[in-house]
Amino acid sequence: MSTSKFPDAAERTKTLEHQGNAKRKRILVVEDNQLNLMLLSQLLRVHGYQILQTPEGSGALDLARDEQPDLILMDIGLPDICGLDVTRLLKQDDHTKAIPIIAVTAFAMPGDEKKALESGCDGYITKPIIIERLLRTVELFLSSSPPEGSSLQ
């Protein structure tokens, strides 16, 4: 008796549709919490995206420059360098300035979104993450040029 990764054909078709729609776009996930990093990475892989990941801002700078991802999901509270500082550095670099960066953060106080957008983030998502909103935002940024200062909370 064979076992399938997909219990039924409909689920398999739906998953393949997601993978086809994603066109194997590459997303850099910058997150210092290992559980969050793993969950975000697995969620995005299931939807057909290729994932690069790092728990540190310095690693994000290197990966973004070397790998040229299509999108960056940036945690703000990183251990080595603030995610907003990483964003500023990436937006000042001719090789990385065009990569959209979405702040994914627990910083949700008044003014935090404005700080993120002023630092160069192209979007803003607060934690805890609502999966549907995250996926919609990722698809928006990867499929077209999103409106400047987009945010979904």
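Since every read-out is calculated from the coordinates, none of them should be taken as a lab result. Small disclaimer: the values here were computed from a predicted structure and weren't measured. Every residue, glycine as well, gets a Cβ built from its backbone with ideal geometry; the counts of neighbours run over all protein chains shown.
What the table shows:
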quantity: Of every Cα-Cα pair in the stretch 23-119, the percent that sits beyond 23 Å; calculated: 19
quantity: Footprinting exposure proxy for Ile99, Ile27 (fewest neighbouring C-beta atoms within 10 Å first); calculated: Ile99, Ile27
quantity: Sum of side-chain charges, Glu31 neighbourhood, beta-carbon under 12 Å (Lys, Arg +1; Asp, Glu -1); calculated: -2
quantity: For the stretch 42-86, fraction of C-alpha pairs farther apart than 17 Å, in %; calculated: 33
